[in-house]
Amino acid sequence: MKKYNISMDMEKCVAPENCDLKCIKTCPLKVLAYYPTDTSREDSPVVLIATFPFLCNGCMLCVEVCKPKAITVSTPS
Ligand code: SF4
Ligand code: SF4
């Protein structure tokens, strides 16, 4: 299976909750996830991660739905 590199620029993804976490909801293979950075706060900021990058099929749907262009999916060189 082809492997893909998934990177997320959290400086561009400034308010994931405001975009309704579109990338996570769009990914057909549930590759992406998020976690709170401060579990003591209900309104904690969140960080996105590629939890299961080996499952990625390179469909680019997450890239397409991300308006600030925070996600890059590429094949290793
Ligand atoms: S779609 Fe883009 S802006 Fe929205 S949570 Fe995902 S990476 Fe962040
Ligand atoms: S490229 Fe497709 S399979 Fe890979 S993380 Fe994005 S939406 Fe999921």
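No lab work stands behind these numbers, since they all come straight from the coordinates. Treat the numbers as computed from the prediction; the structure is a model and nothing was measured. Using ideal geometry, Cβ is built from the backbone for each residue, glycine included, and neighbour counts are taken over all protein chains shown.
Worth pointing out:
- A cysteine counts as unpartnered when no other cysteine's C-beta lies under 4.7 Å of its own; in the chain this applies to Cys13, Cys19, Cys27, Cys56, Cys59, Cys66.
- For the chain, relative contact order (Cα pairs under 8 Å, six or more residues apart, normalised by length) works out to 47 percent.
- Taking amide H as placed 1.01 Å from N in the peptide plane, Asn5 has its amide H under 5 Å from the amide H of Ser74, Thr75, each at least 5 places away in sequence or on another chain.
- Look at the dipole of segment 5-71 built from charges on Cβ: of Met8, Asn57, Ala33, the Cα furthest out on the positive end belongs to Asn57.
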